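In what follows, a structure is listed as structure tokens, so that the remarks can point back to it.
The values are calculated or read from the model by the stated rules, or taken from the named source; none is laboratory data. Keep in mind it's a predicted model, so treat the numbers as computed, not measured. A quick note on method: Cβ atoms are made from the backbone with ideal geometry, for glycine too, and the neighbour counts reach across all protein chains shown.
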Amino acid sequence: MSLPSVNPIKTNAWKKLQQHFQETKNVKMQDLFAEDETRADRFAISWNDFYVDFSKNRITSETFSLLLQLAEDVNLKEAIQQQFSGANINETENRAVLHTALRDFKNMKPEVANALQQMKQFSEAVIQGDWKGYTGKPITTIVNIGIGGSDLGPDMVTEALTYYKNQLQTYFISNVDGDHVMETLKKLNPETTLFIIVSKTFTTQETLTNATTVRSWFLKTASESDVAKHFVAVSTNLEAVKEFGIASENIFPMWDWVGGRFSLWSAVGLSICCSVGYTNFEDLLKGANEMDGHFSETPFQENIPVVLALLSVWYANFYKAESEAVLPYTQYLTKLVPYLQQAIMESNGKSIDRNDAPVDYETGTIIWGGTGTNSQHAFFQLLHQGTKLIPSDFIGFAESLHGNKEHHDKLLANFIAQTEALLQGTEGVTTPNNYKKFEGNKPTNTILIQKLTPKSIGSLIALYEHKLFVQGIVWNIYSYDQWGVELGKNIAKHTLKAIQSSERMKNSSTNNLLSKI
């Protein structure tokens, strides 16, 4: 069963949107609010402990209706059903895309249930001190060795859930930069450190290089037989893992129907499980599963991922906005933007459609941003007075975790004030000169969540997973392969050989660079 392959620009909705854009592109949101007292209520969605306000967008009721029609014209509903049913929607690699199955507790695959049970037993043994190192001391430190999806997701979530962490210290080694590895090793005690190597094939250059370096460091004070007490793996390559010295019972599974950048819900998230405990890890999954249900069952006009994706298409393809800012107002989500950069840009950075033809419209918005209020003193000047249109998602939490009301009131005051300022600008305010003038009319979405919990973080991540899927369907591209990533990795094998043997490459610029090394 193939995904629908509809060229969006040939749909009736797209043609109507083009005409509608020409008629409304100069409309100001300030006027839309003034003309409609119900606007804020009509363009908002309440779901669980999420409140999503998308009223501060350059849309009218007609815009919204046409965008919803676009979703129908590209057969989005059929595509959603295919994903959740396990069809091979990653057609270029002939794989299903079933990260949602990792968190479906009602219809859980037996292999997923078994993996979760293995994670539960393992993490509890480590947390409770029952897992002992080679000198009989309990484990105090967990180090995740991976890259890409095997690093960004677990690292981001572990940071996000710092408030819920137990006594274990957690580190992440990803970059093949040897300085990164050595700086991390300086902080570790080999007697009390457990390493989790995450690599589906156990051949990824960066991960295996780092793992081998760490193993050599470990063996300076321990023996080969001690490796099994300090190294575990998440992989499918059982033979290579065993050769490394890892015991078979300490190998956790991966499946080809889970893409790397969507794998934190699996055993790839073992470092999360150890850091916050299995119960919190399961709550993370349950939060994601609730968002899965919302996405797959809710009518499009009330469907948060669908609405946010359609707004993104509106700006990217009609206003020609090249980027979107993601602005979480909590320091706990300081690593959310790098995570979303991989999830979204690796997925939708494509120029060939599902009919194997070059696209002649924009795909794959650039994702950037940072945490408030730090970002306000960095790049917000560009948002307010720059020449670029940058739609922005503001993410905030109504409650603080530590209960410092004075701090949190000021944080939320800024959170709300910025979207108001981006909307209103200095409309109606006399300014002494143009330097202090703000036109406003800058689009924002506000995602207000009651409290940062494992469950709400799970829902938030799943929201963006489904948003990027909808974008990919509308743009008629395959979101779940990443051949561009593979190209650079393959060429790196040749440049490494050239560095080590003085061989020459085809390009003179490359050869000049190699000669300087």
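What helices (runs of 4 or more DSSP H) completely inside region 438-517 contain at least 1 residues that are among the charged types (D, E, K, R) and free of Cβ contacts under 8 Å to residues at least 12 places away in the same chain? Walk me through it before giving the result.
Values: elements: 454-475, 483-501, 508-515.
Once the helices (runs of 4 or more DSSP H) in region 438-517 are filtered for at least 1 residues that are among the charged types (D, E, K, R) and free of Cβ contacts under 8 Å to residues at least 12 places away in the same chain, what remains is 483-501.
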When region 322-366 is checked residue by residue, the ones that are closer than 23 Å to residue 448 by Cβ, among the aliphatic types (A, V, I, L, M) and in a loop (DSSP other than H, G, I, E, B) are none
All conditions in (1) assigned to a strand (DSSP E or B); (2) modelled with pLDDT under 95 are true of residue 51 except (2)
Of the residues in region 452-480, those that are touching a strand residue (DSSP E or B) at 6+ places or on another chain (Cβ under 6 Å) and not hydroxyl-bearing (Ser, Thr, Tyr) come to 452
Considering every residue within region 171-184, establish whether at least one is in a strand (DSSP E or B) and either out of contact with any helix residue (DSSP H, G or I) (no Cβ under 8 Å at 6 or more places or on another chain) or more than 22 Å from residue 250 (Cα to Cα) (or both). no
Going through region 195-244 in order, the residues found to be assigned to a loop (DSSP other than H, G, I, E, B) and either at pLDDT below 95 or closer than 21 Å to residue 122 by Cβ (or both) are 199, 200, 201, 202, 203, 204, 222, 235, 236, 237
Restricted to region 255-314 and to residues being among the charged types (D, E, K, R) and touching a residue at least 12 places away in the same chain (Cβ under 8 Å), the residue nearest to residue 467 (Cα to Cα) is 292
Checking 419, 365, 446 in turn, the sole residue that is surrounded by 13 or more Cβ atoms within 10 Å (Cβ to Cβ), β-branched (Val, Ile, Thr), within 21 Å of residue 39 (Cα to Cα) and touching a helix residue (DSSP H, G or I) at 6+ places or on another chain (Cβ under 9 Å) turns out to be 446
Result of the Cβ filter at 6 Å on region 69-84, keeping first residues that are on the phi > 0 side of the Ramachandran plot and partners that are part of a loop (DSSP other than H, G, I, E, B), at least 6 apart or interchain, is 75/4
Those residues of region 10-27 which are under 32 Å from the mean Cα position of the chain (by Cα) and surrounded by 15 or more Cβ atoms within 10 Å (Cβ to Cβ) amount to 11, 13, 14, 17, 21
- Task: Return a yes/no flag: does region 115-129 have any residue that is of a type outside the set (Phe, Trp, Tyr), at positive phi and either touching a helix residue (DSSP H, G or I) at 6+ places or on another chain (Cβ under 7 Å) or assigned by TED's automatic domain parsing to the domain that holds residue 260 (or both).
- Result: yes
